[in-house]
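To start, the structure under review is shown below, and the notes come after it.
What follows draws every value from the coordinates through simple rules; no lab data is involved. These numbers come from a predicted model, not from an experiment. We place every Cβ from the backbone using ideal geometry, glycine too, and count neighbours over all the protein chains shown.
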Amino acid sequence: MVTFQLKTCRLRPWREGDVESLARYASNRLIWNNVRDFFPYPYTPRDAHSWVRSNKSYQQPNNLAIEVDGQAVGNIGFTVKDDIYRYNAEIGYWLGEPYWGRGIMSEAVPVMTDYIFGNFQVNRLFACVLEGNIGSMKVLESAGFRHEAIHKKAAVKNNQYLDEHIFALLRSEFRGL
Ligand SMILES: CC(C)(COP(=O)(O)OP(=O)(O)OC[C@H]1O[C@@H](n2cnc3c(N)ncnc32)[C@H](O)[C@@H]1OP(=O)(O)O)[C@@H](O)C(=O)NCCC(=O)NCCS
């Protein structure tokens with residue numbers, strides 16, 4: 001089973017017992033404001049159940065739960081693109097609000113990056129950050145991602161057009177852990 005024990009948290013596969021804490025920490029407007037609209041808000045136990053069901057029990061999962069004090073309080077994962085973009089993967093993550101600012105994601109992103117480049121045919125890893133999300137930009141910069149582009153007003157959130165910041169890291173640029 002893929003598990004990484006870090007100083008601030010543990011990254012491990014999602015499991016059935018996570019439904020309650022997932023619904024509790026994911027259901028947060030401040031999280032929803034910074035992620036895609038397909039991320040539910042409110043995030044119900046039913047949403048949590050279907051997330052766990054589709055992400056548990058893979059040999060090499062794309063999504064790992066972020067566990068703190070025995071509870072799943074966030075997610076870090078990636079999706080591989082297709083067609084001519086098939087060597088690209090998009091990394092994404094969120095953390096329950098009570099756990100922000102403890103350095104958890106700064107520790108988790110490099111570990112996830114190492115897991116992806118070490119186990120999947122990915123040549124370019126990228127992330128899309130909505131304007132104003134300084135915490136996420138800092139996390140990516142400290143993990144070695146380049147601030148590659150700003151897609152002006154590319155996204156819409158809460159009926160407002162927002163700039164989208166693209167961060168990227170090539171396999172050849174990754175220095176390892
Ligand atoms: C963005 C997020 C993942 C950051 O995780 P985190 O574990 O709190 O981040 P860290 O504690 O590792 O902080 C990283 C850096 O950002 C800074 N930071 C964190 N939150 C910040 C904020 N709201 N405003 C300004 N700086 C912030 C920290 O001080 C730290 O700075 P440093 O590197 O200079 O010490 C978390 O706030 C979150 O889940 N937000 C909602 C969902 C989201 O935005 N997901 C990412 C979508 S791209």
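Give the shape of segment 43-113 as rounded, prolate or oblate, defined through the alpha-carbon gyration tensor: a ≥ b ≥ c are the square roots of its eigenvalues, a/c under 1.5 means rounded, and otherwise the shape is prolate if a/b is larger than b/c and oblate if not.
Numbers: a/c = 2.06, a/b = 1.28, b/c = 1.60.
It comes out oblate by the Cα gyration axes.
Label positions at residue 97 and residue 161, each projected 7 Å from the Cα along the C-beta direction, are separated by 3.0 nm. For residue 7, the aspartates and glutamates whose Cα falls under 18 Å of its own Cα, not counting residues fewer than eight places away in the same chain, are 67, 69, 107, 114. Say we join alpha carbon atoms closer than 10 Å with springs in a Gaussian network model of the chain; which of 64, 22, 30 then has the biggest fluctuation? Maximum among the listed residues: 30. Its relative contact order, with pairs defined as Cα atoms under 8 Å and 6+ residues apart, puts segment 4-173 at 19 percent. Within the straight-line cut-off of under 22 Å between alpha carbons, the lysines reachable from residue 157 are 138, sequence neighbours fewer than 8 places apart in one chain being disregarded.
Mind checking segment 1-53 for chymotrypsin sites (Phe, Trp or Tyr not before Pro) that DSSP puts in a loop (not H, G, I, E or B) and that have at most 15 other Cβ atoms within 10 Å?
Numbers: sites: 4, 14, 25, 32, 38, 43, 51; in loops: 14, 38, 43.
Those satisfying the criteria are 38.
Averaging the Cα positions of each part gives two centres, and for segment 100-177 and segment 54-91 these lie 14 Å apart.
Taking label positions 7 Å along the Cα-Cβ direction at both residue 33 and residue 58, the computed distance is 3.0 nm, reported to one decimal. The calculated FRET efficiency for the pair residue 170 and residue 138, based on their C-beta separation and a Förster distance of 22 Å, comes to about 0.60. Extension gain for residue 4 to residue 106 (0.36 nm times residue separation, less C-alpha to C-alpha distance): 35.3 nm.
Shape class of segment 57-98 from the Cα gyration tensor (axes a ≥ b ≥ c, square roots of the eigenvalues): oblate, since a/c reaches 1.5 or more and a/b does not exceed b/c.
Here each label is just a point 7 Å from Cα along the line to Cβ, and for residue 120 and residue 146 those points are 2.1 nm apart.
Derived value for segment 4-173: Kirkwood hydrodynamic radius 16.4 Å. Basis is the mean of 1/r over every pair of different alpha-carbon atoms.
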